[in-house]
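The values are calculated or read from the model by the stated rules, or taken from the named source; none is laboratory data. Values in this document were obtained by computation on a predicted structure and should not be read as measured data. Every residue, glycine as well, gets a Cβ built from its backbone with ideal geometry; the counts of neighbours run over all protein chains shown. Remember, those area values only see protein heavy atoms, side chains included, never the ligands or the DNA or RNA. Shrake-Rupley method; radii C 1.70, N 1.55, O 1.52, S 1.80 Å.
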Amino acid sequence: MTSFLDLLTHYPGFVPSVLMGALLVFWLLAILGVLDFDSFGPHFDADLDLPEHGGGEHAEAPETLMALGLDKLPFSIVVSGIVFFWWLFTLLAVSLTWSLIPLPAWIAGTLILVGALVLAVPVAARVLRPLKPLFVVHVSAKQESLLGKPCKILTLSVSEKFGQAEVIIDSGAPLNVRVCADTPNTLTKGSSALLIDIEPKTGRYRVEAYDAP
């Protein structure tokens, strides 16, 4: 019986395993506040009047993502979901069918990778779609200005090009927004800050340290 370590380190399993390892490091750094999870990949237009939660140029979501119902989710979450199921289905296929496929290893492995990826996309879409309401909260924010609201810094630091914060909108829901600030500053994870301006080119909210009353 093929061991789990063999599945991870041999073709075809090592291909999605490498991607899974990279994503695990990415999410670990995001949880620690070193990376902004929303800075990964393109930012699709969510029909907002205000600059969206993300920075950078916004683009229209590809038709494929819209058809799958994933157009409102952060790109990092979509990619993570697809890679996870690709990895899972590849290992399961190798474990259960490898000895039954009468083809050269590289052909059998490639077929498994392609088949697992084709299956992973709709499964990931079905699993991730329920998460959309967590991010659709951004749509409600287009009717109000966030400027002047206090927020809590979520990243370890805030610079001119990096930073993320959580602000409570009028409905009471938390909203993650990209922020920036002049450097040097004392802003770090857990600090209170005030949204004082919007950078028109990047969509980031400029913040400054704020002592909550």
In segment 155-211, which GluC sites (Glu not before Pro) fall in coil by DSSP and have 15 or fewer other Cβ atoms within 10 Å?
Glu160
What fraction of the Cα pairs in segment 63-213, stated in percent, has a spacing above 25 angstrom?
50 percent
With all protein chains present, segment 75-122 has a carbon and sulfur share of its accessible area (1.4 Å probe) in percent of 86 percent
Yeah, segment 146-213 with a ≥ b ≥ c from its alpha-carbon gyration tensor (a/c under 1.5 is rounded, else prolate when a/b outruns b/c, oblate otherwise) is oblate
Tell me, what is the 1.4 Å probe accessible area of Leu195, in Å² to the nearest 10?
0 Å²
